[in-house]
Amino acid sequence: MSSQDLPAPRTGLVLTHFLTVRDVPRSRAFYSTVFGGQVVLEENPCIIKIANGWIIMNPGGGPTPDKPDVTLLPPEDRSHVSSFLNVRVADIQGFYDEQVARGVEFLTPPVDRRAELRCYIRDPDGYLIEIGQATGLLTGDLADT
């Protein structure tokens, strides 16, 4: 592990995404395989470098001194979502075809929304992940509502 692989800026900030997961090895395999992530730290917490960002994951747990009234849990209801990971790719059809060949299940194939092409997958804990490719947005066309 190199310090350059860790989300620890020397100046400014970096943005990471933390996921509360049920099974760290299962989620680690998903994110490193589907997104070609580099496992920087296997557990406690698991850190995966993906392109220019990081996913950090750990099992849930009860309150701690720095978050005294907060309990971390993975999603319980797959039909209600308050946030999701948004991944941008250069070639959505190529990404889609490659992942389908690996057995990844998408909610739908890529859909043309004018501003972008997009589709969604879920990780092993049910977190929703949008996969998108900017198209019309690059020329000023906004998405259909």
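The values are calculated or read from the model by the stated rules, or taken from the named source; none is laboratory data. These numbers were taken from a predicted model, which means no experiment stands behind them. Here Cβ is always computed from backbone atoms with ideal geometry, including for glycine, and neighbour counts include all displayed protein chains. With ligands, DNA and RNA removed, areas are computed over all heavy atoms of the protein, side chains included. Shrake-Rupley method; radii C 1.70, N 1.55, O 1.52, S 1.80 Å.
For region 21-57, give me the residue count where each residue is open to solvent by 20 Å² or more (accessible area, probe 1.4 Å) and either over 11 Å from the mean Cα position of the chain (by Cα) or not hydroxyl-bearing (Ser, Thr, Tyr) (or both). Step through it out loud before you land on a result.
The first filter runs over region 21-57 and keeps only residues open to solvent by 20 Å² or more (accessible area, probe 1.4 Å), leaving 22-23, 25-26, 28-30, 32-33, 35-36, 38-39, 41-45, 49-52, 54, 56.
The next check asks that each one be either over 11 Å from the mean Cα position of the chain (by Cα) or not hydroxyl-bearing (Ser, Thr, Tyr) (or both); those that pass are 22-23, 25-26, 28-30, 33, 35-36, 38-39, 41-45, 49-52, 54, 56.
The total comes to 23.
Please identify the pairs in which a residue from region 1-21 that is within 26 Å of PRO59 (Cβ to Cβ) has its Cβ atom under 8 Å from the Cβ atom of a residue that is surrounded by 14 or more Cβ atoms within 10 Å (Cβ to Cβ) and modelled with pLDDT under 90, counting only partners at least 6 apart or on another chain. Filtered contacts from region 1-21: VAL14/PRO7; THR16/PRO7.
In the set PHE106, PHE95, PHE84, only one residue is of a type in the set (Phe, Trp, Tyr), in contact with a helix residue (DSSP H, G or I) (Cβ under 8 Å, 6 or more places away or on another chain) and on the phi < 0 side of the Ramachandran plot; that residue is PHE106. Among residues of region 124-145 being without any contact (Cβ under 8 Å) to a residue 24 or more places away in the chain and not aliphatic (A, V, I, L, M), the one that is nearest to SER83 (Cα to Cα) is THR145. In this entry, THR71 passes the filter for residues that are at negative phi, of a type in the set (Val, Ile, Thr) and at pLDDT 95 or above. Within region 85-97, is there a residue that is of a type in the set (S, T, N, Q), touching a strand residue (DSSP E or B) at 6+ places or on another chain (Cβ under 7 Å) and within 16 Å of ILE55 (Cβ to Cβ)? Yes, that holds for at least one residue.
When the residues of region 107-123 are filtered to those that are part of a loop (DSSP other than H, G, I, E, B) and either open to solvent by 50 Å² or more (accessible area, probe 1.4 Å) or at pLDDT below 95 (or both), which remaining residue is farthest from LEU85 (Cα to Cα)? Among those residues, the one meeting the criterion is ARG114.
Is it fair to say LEU19 is among the aliphatic types (A, V, I, L, M) and touching a His at 6+ places or on another chain (Cβ under 7 Å)?
No, not satisfied.
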